[in-house]
Amino acid sequence: MKNIVLTLAAMLLPLSGWAQDHQLDINLKKAGAPIPSTLYGIFFEDINYAADGGLYAELVKNRSFEFPNDALQGWKAFGKVEVRNDGPFERNPHYVRLQEPGHPQRWTGLDNEGFFGIGVEEGKAYRFSVWARVPDGGASTLRVELANTASMGENHFLCQENLTVTGKEWKKYQLILHPAQTLDKSILRIFLIGERNTIDLEHVSLFPVDTWMGHVNGLRKDLAQALADLKPGIFRFPGGCIVEGTDLVTRYNWKNSVGPVENRPLNENRWEFSFPSRFYPDYYQSYGLGFYEFFQLSEEIGSEPLPILSCGLACQFQNDDEKAHCPVAELQPFIQDALDLIEFANGDVTTPWGKVRAEMGHPTPFNMKYIGIGNEQWDAVYPEHLEPFVKAIRAAHPEIKIVGSSGPNSEGEQFDYLWQEMRRLKADLVDEHFYRPYEWFLAQGARYDNYERKGPKVFAGEYACHANGKKWNHFYASLLEAAFMTGIERNADMVEMATYAPLFAHVEGWQWRPDLIWYDNLRSFRTVSWHVQQLYGKYRGSNCLSLTMNGANVTGAEGQDGLFASAVLDGEKVYVKVVNTTGKDQDITFTFTGLKKKALVNAGEGIRLSSGESELYKDNSLDAPVLFQPTPFSFEGEGKSISATAQSYSFSIFTFVVK
Ligand code: AHR
C-alpha cells in the first residue's frame, strides 16, 4: 500500500511542480508616452538628522552657541568660560569668552561632543575654523585637539595643533587636523595655552577637507554619492513637515538659509519632539545646508530642483487652532518669499536676489522650473491659501510649474476634494503622499491606469511601504514598492515625478523609518528600497510600451498570480520589469508583437533583486551593507517569444534587444 501511495505521489509530482506559464505580450508597434526625465527622484527633509549630523558635513554641534535652552548645549566648558551676546554676526549674536583660569594647574576650554560623537578617519584631513579676537589686544594661543576621552592610553588626543589669534578685530582662523586614528566618536577640544590671554570665539567649525565636490561648506561625500548614484531626475527639498514648522515662526524660512553661513540664524527642528517615545532636545537646523546648497547639489547630480514653500499654514497635524495659521488677507510676505525664491534661483545678477546667488558663487541661474506651495495641507483653508500664490506666480512667472497637495491621505473624501480643488486652481501637479501597508501596495498596481488625463499631473511626492508591526526597512516592503512602481512607469504620461520618503536616517537619531539611506558617523548603507529606486532610474527608458497578460495590464490583479510588470523602450532595447511578489518561481513567456518585418528580438542580460523566505524581513545594514544587491543573470532566446523565470520574491529587469 505504502508503495502504491509513493508511486502515485511520484507520478503527480511533475504536475504539482509544473508552474503555470504566464504570457506577457509586449507591443512594439508604437512607442507609447515619453517617460519624463523627472520620473524618479529624491525627497530631502531634515528629519532623522538628515542635514546637521548627516548630509551636511559640519562636525561641530551648536557651533554658534545659539541653542536657545542652553547656549552651551553640545559643549562641555571647563575653567573660566563665559557666554556673551554681542558678537560679530547679527543673527547669531552669541559667542564665548575664554579667560585665564586663575591657577597654573587649572585650564580653560571647551569640548564639543559633535552629533553622536565626531567621526574621524586616520589619513584624512579636517579643517578646523573659528572666528576669534583678543579683546585686550595682543595675542593668545589655543590648542585644538581631536580626542578620545574613553582612551586607556597616555594621551587623549588623536591629533593636536596650536592656533595663535592676534588683535582686537574679529577674524576667521583655520588649521588642518590629521587624526592619527580612526574613531567614530571623538570629541573636539580647544583650550587656552601659553600666556592664556583672554580670547573670544565664535562659529567654531570642523569639516572633513574631502567633501562632496570639495566644497568648503560641504556635504558628506558618501551620502552625496549615494544620491548621485541614483541619478535622480527631480530633487524635492526641504521637506516635508519642516516646510510648515511646529508653528509658523519655526517653518523653514529659505531666506534665512542663504548668505554667509555664520549669519544664518538657527531654527528649531520640527522633529525635535514629534514623537514622545523619541525626543531629540538637541535637534536644530543650522541652515548650513540651505537653499543655495540644495540648488547646487541639484545641479551637480543632474536633477531638476523642486523647492516646497510654506503656504502660510503651520503643520496641521500639530495645530488645531486656526490662529496658528496666517490669515489669507495677510499672506503677502509668504507670497513674496515664493516670488523672491524664483528670483534667487533664476533671476539676473542685477536683481536683488539674483545678486545674492551670484555673491554666493553662482552667477548663472539655476534654471528652476517647479515650485511647490504647501506640504501636507488639507480642508478648505488650503485651497484658500494656495489661490493667491497661484495668481501671483502665474502673473509674474507663467513659465514655472506649480505643485499643489492632495494632503496626507492616499484616497478618500479629503483626497478627492483636494484633487478637485487643484483642478479648479489649475495646479500643474498634485503631490500625493502614501505611507501605507502591504495590502495597500499589493492592491494599487492599477492606481493610475484610470486617472483623469486632463488637468494636473501626479507627483507621488512621498511614499514608502510601511508594514503594520514591521515598520522598519526590509526586503518585502521594498519589493512591494517595486511592484507599485510598475504602475507609475506604465502611467508615465500621467505621473511626472515620484520620490520615496524619507531619504536619510542616522542610526542613533532617527524619528521615522523606513528610510532610503542609513548611516552612523563614518559608515553608510543603501537599503533595498534604494536599489529599487536606482534600478528604476537606470532602466528608465525613453517611452512606455504596452504590456499585457490576457489583454490586461499586469497589476497583481486577481488571476495574475502576484505578478506586476511594465515595459519601456530605450533605443533598440526593451526593458521589462517584472515583480514576483509570491514565494514561488513563475514561468514567463515574453511575446513580442508589432515587430517590423525581419526584425528579431534577442534576450539580453537581466538584473534582479531577490530574497529567500528567511531573509524577507531583513535589509542591508551597517555591518552587512551588501546583503542584498542587484545581481546580473542571463536568460536566452531569440525570436518573437522568449521564456524566462521570475524568481520567487524578486524584482527583475529583463533586457531585450530588437534588431
Ligand atoms: O516623510 C516624513 C513626513 O511624512 C513628512 O515630513 C510629511 O510630509 C509626511 O507626513
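Among 469-476, 565-572, 148-155, how do they line up from the highest to the lowest mean number of other beta-carbon atoms within 10 Å?
Details: 469-476: 17.9, 565-572: 20.9, 148-155: 10.8.
Ranked from most to least packed, the peptides come out as 565-572, 469-476, 148-155.
May I ask you to derive the FRET efficiency for Asp247 and Glu154 from their Cβ-Cβ distance with R0 = 60 Å, giving the value to the nearest 0.05? Before the final figure, lay out each step's value.
Numbers: r = 51 Å, r/R0 = 0.85.
The calculated FRET efficiency here is 0.70.
Between Asn602 and Ala380, what length in nm is gained on full extension when 0.36 nm per residue of separation is reduced by their alpha carbon distance?
On the way: separation 222, 0.36 × 222 = 79.92 nm, distance 5.50 nm.
Here the segment from Asn602 to Ala380 would lengthen by 74.4 nm.
Which percentage, to the nearest 5, of the DSSP beta bridges contained in the chain is antiparallel?
70
Extent of segment 570-651 along each principal axis, from alpha carbon coordinates, in Å, largest to smallest?
Largest to smallest, the principal-axis extents are 53, 26, 17 Å.
Only loop residues by DSSP count here, and only those with at most 11 other Cβ atoms within 10 Å; note down the GluC sites (Glu not before Pro) in segment 349-440 that meet that. Spell out each step's value before the answer.
Numbers: sites: Glu359, Glu376, Glu384, Glu399, Glu411, Glu413, Glu421, Glu432, Glu439; in loops: Glu376, Glu399, Glu411.
Sites meeting the loop and neighbour criteria: Glu399.
Taking all protein chains as present, what is the carbon and sulfur share of the accessible area of the chain, in % to the nearest whole number, probe 1.4 Å? Please list the in-between numbers first.
Values: 13550 of 26320 Å².
Summing carbon and sulfur atoms, their accessible area is 51 percent of the total for the chain.
Tell me, in nm to one decimal, what length is gained between Ala396 and Asp136 on full extension, where the rule is 0.36 nm per residue of separation less the Cα-Cα distance? Display every interim value, and only then the final one.
Values: separation 260, 0.36 × 260 = 93.60 nm, distance 5.36 nm.
Length gained between Ala396 and Asp136: 88.2 nm.
Let me know the Kirkwood hydrodynamic radius for segment 487-540, please, with Cα pairs as the basis and the value in Å to one decimal. Display every interim value, and only then the final one.
Details: mean 1/r = 0.0795 Å⁻¹.
Mean inverse Cα-Cα distance, inverted, gives 12.6 Å.
List the lysines whose Cα lies under 28 Å from the Cα of Lys29, skipping any in the same chain that are fewer than 8 positions away.
Within the straight-line cut-off, Lys29 pairs with Lys454, Lys457, Lys538, Lys573, Lys577, Lys596, Lys597, Lys598, Lys640, Lys659.
Hey, what did the chain get for relative contact order, percent, Cα under 8 Å, at least 6 apart? Could you put the intermediate results ahead of the total?
Numbers: 1629 pairs, mean separation 103.5, N = 659.
So the answer I get is 16 percent.
Over the residues of segment 189-242, compute the C-alpha Rg and express it relative to 2.2 N^0.38 Å.
Details: Rg = 18.4 Å, N = 54, 2.2 N^0.38 = 10.0 Å.
So the Cα radius of gyration is 1.84 times the expected 2.2 N^0.38 Å.
Evaluate the distance, in nm, between pseudo-label points positioned 7 Å from the Cα of Glu387 and of Val626 along their respective Cα→Cβ axes.
Calculated label separation equals 5.7 nm.
So what's the net charge close to Leu146: Lys and Arg +1, Asp and Glu -1, counting the other residues with Cβ under 13 Å from its Cβ? Don't skip to the end; give the middle numbers.
Working: positive: Lys124, Arg127, Arg143, Lys185, Arg189; negative: Asp111, Glu113, Glu121, Glu122, Glu145, Glu161, Asp184.
Summing Lys and Arg as +1 and Asp and Glu as -1 gives -2.
Would you mind counting up the charge near Asn491? Only other residues with Cβ under 11 Å from its Cβ, with Lys and Arg at +1 and Asp and Glu at -1. Each step should come with its number before you reach the end.
Values: positive: Arg447, Arg453, Lys457, Arg490; negative: Asp449, Glu489, Asp493, Glu496.
Net charge around Asn491: 0.
When the Kirkwood radius is taken over all Cα pairs of the chain, what Stokes-Einstein diffusion coefficient follows at 10 °C and 1.306 mPa s, in µm²/s?
Working: Rh = 27.1 Å.
Reported coefficient: 59 µm²/s.
Using alpha-carbon pairs under 8 Å, 6+ residues apart, how would you state the relative contact order of segment 199-288 in percent? The partial results should precede the final answer.
Details: 83 pairs, mean separation 15.9, N = 90.
It comes to 18 percent, rounded to a whole number.
Taking the mean number of other Cβ atoms within 10 Å as a proxy for protection, how do you rank 248-260, 164-176 from highest to lowest? Don't skip to the answer; put the middle values down first.
Working: 248-260: 19.2, 164-176: 13.7.
Ranked by mean Cβ neighbours within 10 Å, highest first: 248-260, 164-176.
For segment 321-461, what D do you get in µm² per second when you plug the Kirkwood radius from alpha-carbon pairs into Stokes-Einstein at 4 °C and 1.567 mPa s? It would help to have the intermediate numbers written out before the result.
Working: Rh = 16.7 Å.
D = 78 µm²/s.
Could you please state, rounded to a whole Å, how far the C-alpha centre of segment 288-356 is from the C-alpha centre of segment 103-129?
After rounding, the separation between the Cα centres reads 36 Å.
Send over a whole-number figure in Å² for the accessible area per residue of the chain, probe 1.4 Å.
Per-residue value: 40 Å².
Restricting to Cα pairs below 8 Å that are 6+ residues apart, what does the relative contact order work out to for segment 340-391? Please round to a whole percent. Intermediate values should be presented prior to the final figure.
Working: 45 pairs, mean separation 12.7, N = 52.
Contact order relative to length: 24 percent.
Could you check the spin-label model distance between Asn162 and Asp587? Points 7 Å from the Cα along Cα→Cβ, value in nm.
Once both label points are built, they end up 8.2 nm from each other.
How do Met213, Met549 stack up against each other in accessible area, from largest to smallest, with a 1.4 angstrom probe? Can you show the working numbers first?
Numbers: Met213 110, Met549 10 Å².
So the residues, ranked largest to smallest area, are Met213, Met549.
What is the angle, in °, between the Cα long axis of helix 413-424 and the longest principal axis of the Cα atoms in the chain? Nearest 10 is fine, range 0 to 90.
Here the helix axis deviates by roughly 80 degrees.
Looking at the calculated P(r) for segment 28-117, what percent of the C-alpha pair distances fall above 20 Å? Show your work: numbers first, answer last.
On the way: 2292 of 4005 pairs.
Result for the distance tail: 57 percent.
Mean 1/r over all different Cα pairs, inverted: what Kirkwood radius does segment 101-142 give, in Å? Intermediate values should be presented prior to the final figure.
Working: mean 1/r = 0.0710 Å⁻¹.
Final number for the Kirkwood radius of segment 101-142 is 14.1 Å.
With +1 on each Lys and Arg Cβ and -1 on each Asp and Glu Cβ, how big is the dipole of segment 159-240 about its Cα centre, in debye rounded to the nearest 20?
Details: 10 positive and 9 negative charges, 38 e Å.
About 180 debye.
Taking only Cα atoms of segment 512-658, what ratio of Rg to Rh do you get with Rh as the Kirkwood inverse-distance radius? Please list the in-between numbers first.
Working: Rg = 16.7 Å, Rh = 16.5 Å.
Ratio of gyration radius to Kirkwood radius: 1.01.
Can you grab the distance from the C-alpha centre of segment 582-659 to the C-alpha centre of segment 158-203, Å, no decimals?
So the separation of the two Cα centres works out to 56 Å.
Show log10 I(q)/I(0) for segment 332-373 at q = 0.31, 0.32 Å⁻¹, two decimals, from a solvent-free Debye sum over equal Cα scatterers.
-1.01, -1.04
Specify the angular offset, from 0 to 90 degrees and rounded to the nearest 10, of the alpha carbon long axis of helix 475-490 from the longest principal axis of the alpha carbons in the chain.
Roughly 70 degrees, rounded to the nearest 10.
Report the full-extension gain for the segment Gln225 to Glu615: residue separation times 0.36 nm, less the Cα-Cα distance, to one decimal in nm. Walk me through the intermediate numbers first.
Working: separation 390, 0.36 × 390 = 140.40 nm, distance 2.72 nm.
So the chain would gain 137.7 nm between Gln225 and Glu615.
May I ask for the distance between the Cα centers of segment 29-82 and segment 556-571, given as a whole number of Å?
38
Using 10 Å bins from zero, what percent of all Cα-Cα pairs in segment 466-563 falls into each bin?
It works out to 13, 39, 31, 13, 3, 0, in whole percents.
Over the alpha carbons of segment 106-221, what is the largest minus smallest coordinate on each principal axis, giving the biggest first in Å?
Result, largest extent first: 40, 37, 21 Å.
The values are calculated or read from the model by the stated rules, or taken from the named source; none is laboratory data. These numbers come from a predicted model, not from an experiment. Methodologically, a virtual Cβ is constructed for each residue, glycine included, from the backbone with ideal geometry; neighbour enumeration extends over all protein chains shown. All accessible areas refer to the heavy atoms of the entire protein, side chains included, with ligands and DNA or RNA removed. Shrake-Rupley method; radii C 1.70, N 1.55, O 1.52, S 1.80 Å.
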